[in-house]
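Reviewing the structure listed below.
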Amino acid sequence: MTTTPAEPSAEILRIAIVDDHAILRQGLRSVLEREEGLSVVAEAASADEALVMVAEQQPHIVLLDLKLSTSKDREGLEVCAMLSERHPDVAVLVLTTFLDEQLVLRAVRAGAAGYVVKDVDTTGLVRAIRDVSRGGSAFDPRSAAAMVKGLNAPPPEPPTKLTARELEVLGLLAAGMSNRMIGERLFVSETTAKFHVGNILRKLGVTRRAEAVYEASKAGLL
């Protein structure tokens, strides 16, 4: 008697959760692992943990909050940009409480495949995960509306003019590069790179790198 080999099952989607709140990560894991074909393979609470975790676990999808510490409101944007550069096959789905048109656009420009707000229901979240896993994009209705509004809005007046070199450094900041990496890319010292970054922060009226990228995006400089 011969038997017919069973058909291979569909690939399990490997998901990683990046959020600084443990209780939220645990809740998401509990919800998602009840869904057929989804598996949460790793969690991270900080930017550094996220970068290491994705390199080691190679998930298909990263659920990423934009606020990963009390000191940086938009640290997740930097993480998104770095993950997109280092792991182009990993889809980043932003899952956050922040919502405004320029922020959604900035996340997309940083490489996010989708953007949903944390009060999305389970059905909407699972649908978004499956959409980005197939190479598509996913936005809840409010995020989609915010993005359209941002695309249609006239660019704001630029702040104090940045030099050509500062604009070049700003682009590397948006890609998530450190001062050392910027120096290596531009063939200057780390001290010189730090000097340019400091000038950019001062001219944009901010104190943090992620804020500089965000404000520059709103001003149409990126």
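The values are calculated or read from the model by the stated rules, or taken from the named source; none is laboratory data. Note that this is a predicted model, so its numbers are computed, not measured. Reconstructed Cβ throughout: ideal geometry from the backbone, glycine too, with neighbour counts over all protein chains shown.
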Margin query: Whether any residue in region 63-73 is out of contact with any Gly (no Cβ under 9 Å at 6 or more places or on another chain), modelled with pLDDT of 90 or more and in the same structural domain as residue 27 (by TED's automatic domain parsing) is what I want to check.
Written below: yes
Next item on the list: Kindly provide the set of residues from region 137-177 that are of a type in the set (D, E, K, R) and modelled with pLDDT under 85, ordered by number.
Entry: 140, 142, 149, 157, 161
Next item on the list: For residues that are in contact with a helix residue (DSSP H, G or I) (Cβ under 6 Å, 6 or more places away or on another chain), part of a loop (DSSP other than H, G, I, E, B) and without any contact (Cβ under 8 Å) to a residue 40 or more places away in the chain, scanning just region 156-209, find the one that is surrounded by the fewest Cβ atoms within 10 Å (Cβ to Cβ).
Entry: 189
Note to self: Just the residues that are assigned to a helix (DSSP H, G or I) and closer than 21 Å to residue 12 by Cβ, please, taken from region 32-49.
What the structure shows: 32
Check: residue 79: touching a His at 6+ places or on another chain (Cβ under 8 Å), surrounded by 18 or more Cβ atoms within 10 Å (Cβ to Cβ) and in the same structural domain as residue 113 (by TED's automatic domain parsing), yes or no?
Finding: no
Notebook entry, point to check: What is the number of the single condition among (1) at pLDDT below 95; (2) closer than 19 Å to residue 118 by Cβ that residue 7 does not meet?
Noted result: (2)
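Here is a yes/no grid of residues against (1) in contact with an Asp or Glu (Cβ under 7 Å, 6 or more places away or on another chain); (2) of a type in the set (Val, Ile, Thr):
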position	(1), (2)
180	yes, no
189	no, no
192	no, yes
200	yes, yes
214	no, no
218	no, no
